[in-house]
Amino acid sequence: FPAAFMRHEVSELQAFPKQGSIEMDVGLVKRLSPGSLSVMEFKKDIDIKIAEKMLKHPLLGEEIPDKWNIALKQGDFNMTSDSHLFKTEPGPGRLPLYEGKMIHQFDHKYAKPKYWIDEAEGRKAILGNIVDKKQKIGYEKYRIAYRSIASNTNERSFICTVIPPYFTGNSLHIAEIDDKSILLFNMVIFNSFTIDYFLRQKVTTNINMFYIYQLPIPRLTKKDPQFMPLVSRAARLICTTPEFDELASEVGLGSHKNGVTDPAERAKLRSELDGLVAHLYGVTREEFQHILSTFPIVAQEVRDAALRAYDDVAKGKIK
């Protein structure tokens with residue numbers, strides 16, 4: 001069927017569908033959104049070509065035997081109904097409450113916490129009627145956290161990072177994976193220009209979990225040659241404070257002292273990750289240029305650096 005999106009002139013209806021439309025395939029819609037049959041807002045034919053390539057990988061919500069799978073959930077506490085637990089100052093036995101505005105891509109220190117929660121009280125509230133047998137629960141683990149509110153007209157839409165073992169509010173959505181290297185791998189994919197571009201054609205303001213489950217994500221592991229180059233760079237970006245020493249040790253970085261805090265070096269690592277991920281999805285240079293062009297608010301030098309990294313990966317300079 002013919003379709004056109006983000007059109008603002010009523011007069012364009014006179015020429016539709018002979019002019020300014022793209023052909024949407026019903027089969028593609030079903031593959032992109034098997035649960036909801038939502039239609040992605042493609043602007044050009046090249047968008048369809050890129051989507052077809054990305055769909056060679058399974059959707060995140062598809063449970064595959066003998067492969068890792070991921071579960072998403074809301075943050076630990078509701079900012080309204082659980083507010084009686086929130087303290088406005090840090091203190092003994094209190095853990096910070098992470099909110100969406102506190103994180104950015106690869107950054108768990110984007111803003112300082114506003115609230116803290118007594119760990120014993122918070123743990124009791126999370127467990128509810130479950131008997132506390134000192135089992136390890138969500139807030140005690142490293143988790144991917146992403147902002148649940150975004151816009152496809154913002155600089156970036158998919159904002160996520162790995163957070164230390166702390167409490168979270170409902171302005172964050174959470175992904176838990178026990179394998180730390182797979183945790184970092186998913187965070188890299190989520191923060192890439194390529195997957196953000198894909199997501200922006202689906203969302204308006206709320207990044208509901210089913211949108212994330214409908215993302216095509218490679219199910220790579222340590223056995224795949226493309227896996228560790230992504231994980232090792234991610235570890236250097238994430239493990240920059242003592243809270244991440246356990247994570248750094250598990251993925252071979254040693255400690256947070258081997259993390260990267262220099263802005264220029266961090267920017268370089270991020271560009272390399274974007275170049276590697278673009279190749280992972282098999283997009284051409286022209287297609288990656290198109291992907292980058294859909295982020296007009298992102299600084300030109302950042303987009304140029306990502307494209308240079310794409311070229312360097314193609315030349316074998318980045319591995």
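The values are calculated or read from the model by the stated rules, or taken from the named source; none is laboratory data. Note that the structure is a prediction, hence the values are computed from the model and not measured. Here the Cβ positions follow ideal geometry from the backbone for every residue, glycine too, while neighbour counts run over all protein chains shown. Side chains included, ligands, DNA and RNA excluded: accessible areas come from the protein's heavy atoms. Shrake-Rupley method; radii C 1.70, N 1.55, O 1.52, S 1.80 Å.
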Study note, to complete from the structure: Subtracting the Cα-Cα distance of Lys73 and Ser232 from 0.36 nm times their residue separation yields 54.6 nm
Review point. Restricting attention to the alpha-carbon atoms of the stretch 162-319, what are Rg (one decimal) and Dmax (integer), both in Å?
Key: 15.7, 44
Check your understanding: Which FRET efficiency, nearest 0.05, do Ile126 and Lys44 yield, Cβ-Cβ r, R0 35 Å?
Key -> 0.15
Study note, to complete from the structure: Between the modelled labels at Phe210 and Val26 (7 Å from Cα along Cα→Cβ) the distance in nm is 2.0
Practice item. Over the chain, calculate the relative contact order: mean separation of alpha carbon pairs under 8 Å at least 6 apart, over the residue count, as a percent. Key: 17
Review point. Among Lys222, Lys136, Lys87, which one moves the most in a GNM of the chain with springs linking Cα atoms closer than 10 Å?
Key: Lys136
Check your understanding: Treating the beta-carbon of each Lys and Arg as +1 and of each Asp and Glu as -1, no other charges, what is the dipole magnitude of the chain about its Cα centre, to the nearest 20 debye?
Key -> 280
Practice item. With everything on Cα atoms, drop me the angle between helix 263-280 and the longest principal axis of the chain, reported from 0 to 90° to the nearest 10. Key: 50
**Study point:** Which of Ile182, Leu28, His8, positive extreme of dipole for the chain (C-beta unit charges)
**Key:** Ile182
Exercise for review: Report the residue, chosen from Phe16, Phe295, Phe185, that carries the largest GNM mean-square fluctuation when the chain is represented by alpha-carbon nodes joined by springs under 10 Å.
Suggested key: Phe16
Study note, to complete from the structure: Simple SL model, points at 7 angstrom along Cα→Cβ for Arg308 and Leu55; separation in nm is 3.6
Point to revise | the chain - mean residue ellipticity at 222 nm from DSSP helices (-39,500 (n - 2.57) per run, n ≥ 4, rounded to 500) | key: -10000 deg cm²/dmol
Revision key, fill the gap. Counting only protein heavy atoms and rolling a 1.4 Å probe, one gets per residue an accessible area for the stretch 166-319 in Å² of 39
Check your understanding: Per the 1.4 Å probe, what fraction of the accessible area of the stretch 1-89, in percent, lies on carbon and sulfur atoms?
Key -> 51
**Study point:** Cα-centred dipole magnitude for the stretch 13-155, charges only on beta-carbon of K, R (+1) and D, E (-1), debye, nearest 20
**Key:** 240
Point to revise | Between the stretch 220-259 and the stretch 21-79, the Cα center-to-center distance that results, in Å | key: 28
Revision key, fill the gap. A chain fully extended from Gln289 to Glu12 at 0.36 nm per residue, minus the present Cα-Cα distance, gains in nm 96.9 nm
Point to revise | Solvent-accessible heavy-atom area per residue, rounded to whole Å², over the stretch 1-66 at 1.4 Å | key: 68
Review point. If you stretched the chain out fully between Thr221 and Val298, how much longer would it get, using 0.36 nm times the residue separation minus the C-alpha to C-alpha distance?
Key: 24.6 nm
Study note, to complete from the structure: Contact order relative to length for the stretch 201-257, counting C-alpha pairs under 8 Å separated by 6 or more residues, stands in percent at 21
Point to revise | Positive-end residue of Val131, Leu97, Ala235, charge dipole of the chain with Cβ unit charges | key: Ala235
Review point. By how many degrees, 0 to 90 and rounded to 10, does the Cα axis of helix 180-191 deviate from the longest principal axis of the chain?
Key: 40
**Study point:** the stretch 194-319 - charge dipole about Cα centre, Lys and Arg +1 at Cβ, Asp and Glu -1, debye rounded to 20
**Key:** 260
Review point. For the stretch 91-98, in order, what is each residue's ³J(HN,Hα) by Karplus, 6.51 cos²θ - 1.76 cosθ + 1.60 with θ = phi - 60°, in whole Hz (x at glycine and Pro)?
Key: x, x, x, 9, 10, x, 9, 7
Study note, to complete from the structure: Along the dipole axis of the stretch 249-319 (charges at Cβ: +1 for Lys and Arg, -1 for Asp and Glu; origin at the Cα centre), the most positive-end residue among Ala314, Gly259, Gln300 is Gly259
Check your understanding: Applying 1/(1 + (r/R0)^6) with R0 = 30 Å to the Cβ-Cβ distance of Ile64 and Gln19, what FRET efficiency is obtained, to the nearest 0.05?
Key -> 0.10
